[in-house]
Amino acid sequence: MKHTDVRALSRFVYALVSAVFVLNLLVLPLVPGMVAMKGDGLAECGRLSLEVSLPAPVVFLLVCWQYLWRIWRMGSYDVVLTVFLLFCGGCTAVILWQGRRVLGAIAKQTPFCRENGVSLRRAAVCCFLISGAAALRVCWGFWYYRTILPLLTYNALFVPLFLMAGLLCMVMSALFRQAAQLKEENDLTI
């Protein structure tokens, strides 16, 4: 692969990560509404859009926004799910932002810099936080449902998945920091 191919690929992935980052930030305020509506709310939004003669996406946004404050007075399951999803969405936004920073450095042809090591370490911390939050939610599920069924949910899958992602980011962070140090020493050698 030539250097131009790597730069073009990194720019393309940078654009994709940026788009996902923006969509993540747009969806985060809608989380309480989506949790409160559950599966039945989408059909209600379609029915309501016919009554008020507004497009269905506009009605969906309005319905989600009305639950932004009301979700906190609903049952404990809805509150725990909302807090979990908002927390994970925030951590995901940080991971995506750090990914953008690393890809930006690669596009500038300066991949081995200390900033990339710091960015990957921040992404690792967020992965560990998501893993811990998922473990807490699984434990809460044990207490709430009084059964082992929470082991069969996506939360139980998030624990090892994000733990391994965090470990991978930590290894890559160490590699990038070591490469940056070697590059700095090499630049000083004549």
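The values are calculated or read from the model by the stated rules, or taken from the named source; none is laboratory data. All values derive from a computational prediction rather than experimental measurement. In this analysis, Cβ positions are derived from the backbone assuming ideal geometry, glycine residues included, and neighbour counts consider all displayed protein chains. Remember, those area values only see protein heavy atoms, side chains included, never the ligands or the DNA or RNA. Shrake-Rupley method; radii C 1.70, N 1.55, O 1.52, S 1.80 Å.
Things worth noting here:
- When Val159, Val79, Val138, Val125 are checked against the criterion of being farther than 30 Å from Arg11 by Cα and touching a residue at least 24 places away in the same chain (Cβ under 8 Å), Val159 stands alone in meeting it.
- Residue selected from region 125-175 under the condition among the polar types (S, T, N, Q) and buried (at least 17 other Cβ atoms within 10 Å of the Cβ), by the criterion nearest to Trp97 (Cα to Cα): Ser173
- Residue selected from region 75-89 under the condition open to solvent by 30 Å² or more (accessible area, probe 1.4 Å) and among the small types (Gly, Ala, Ser), by the criterion farthest from Arg7 (Cα to Cα): Gly75
- Taking region 65-87 as the range and being closer than 12 Å to Met34 by Cβ and charged (D, E, K, R) as the test, only Asp78 passes.
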